[in-house]
Amino acid sequence: MSATASLVAGMAVGIGIMGAVLALADIGSPLRAPFTLFFLLMAPAGALAVALGRMDPLGRAVAAGAGALAVDLLVAQTMLALHLWSLRGGVLAVAGLSGALLLAGAVRRRAGRAPGSRAG
């Protein structure tokens, strides 16, 4: 990965984390809405992109983007159906699902590298 790509990826992670912190801490800032939206879209998209690691880059980006929208809509619909709607709860739920997707992708990748296993 080039230095520019690493810098852009680091900035994206920082913006996403800042959006989650602004939303969870209920800090009034003009950057709260765009940064939180960035987090809500990019956290599940990044986790899905890691899980879809062997696809070609364009297909992985499209599938991860569509999957991120699906995760966000699923969280919103579930929270509305259960009458539990809150911004903090939504951010926490998306963060939890994204973390679980990242963990599942890491476990699957590690199992594929285990000695004696068949990588397929």
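The values are calculated or read from the model by the stated rules, or taken from the named source; none is laboratory data. In this text, all values refer to a predicted model and were calculated from it rather than measured experimentally. All Cβ positions, glycine included, derive from the backbone under ideal geometry; neighbour counts span all protein chains shown. What goes into the accessible areas is simple: the full protein's heavy atoms, side chains included, and nothing from ligands, DNA or RNA. Shrake-Rupley method; radii C 1.70, N 1.55, O 1.52, S 1.80 Å.
In this structure region 1-119 gives 66 Å² per residue of accessible area when probed at 1.4 Å with all protein chains present.
Take the Cβ atoms of residue 26 and residue 78, set R0 to 25 Å, and the FRET efficiency comes out at 0.70. Packing, as the average of other Cβ atoms within 10 Å across residues, places the peptides 33-42, 94-103 in the order 33-42, 94-103, highest first.
Run the accessible area of the chain with a 1.4 Å probe and give the carbon-and-sulfur part as a rounded percent. It is 74 percent, rounded to a whole number. Phi angles of region 12-22 translate, via the Karplus equation with coefficients 6.51, -1.76, 1.60 and θ = phi - 60°, into HN-Hα couplings of 5, 5, x, 5, x, 5, 5, x, 5, 5, 4 Hz per residue; Gly and Pro are given as x. Each label point was placed 7 Å from the Cα along the Cα-to-Cβ direction; for residue 13 and residue 54 their separation is 2.6 nm.
Computed over the chain, the per-residue total of -39500 (n - 2.57) for DSSP H runs of n ≥ 4 gives a 222 nm mean residue ellipticity of -27500 deg cm²/dmol, rounded to 500. Here the Gaussian network model covers the chain, with springs between Cα atoms less than 10 Å apart; of 20, 63, 81, 81 fluctuates the most. Principal-axis analysis of the Cα atoms of the chain puts helix 87-113 at an angle of about 10° to the longest axis. Of the trypsin sites (Lys or Arg not before Pro) found in region 1-77, those in coil by DSSP whose Cβ has at most 14 other Cβ atoms within 10 Å are 54.
Is region 1-114 best put as rounded, prolate or oblate by its Cα gyration tensor, with a ≥ b ≥ c the root eigenvalues, rounded for a/c under 1.5, and otherwise prolate when a/b is larger than b/c, oblate when not? Note, shape of region 1-114 comes out oblate. When only the Cβ of Lys, Arg, Asp and Glu is charged (+1, +1, -1, -1), the dipole of the chain relative to its Cα centre reaches about 540 debye. The long axis of helix 32-51 is offset from the longest Cα principal axis of the chain by roughly 20 degrees.
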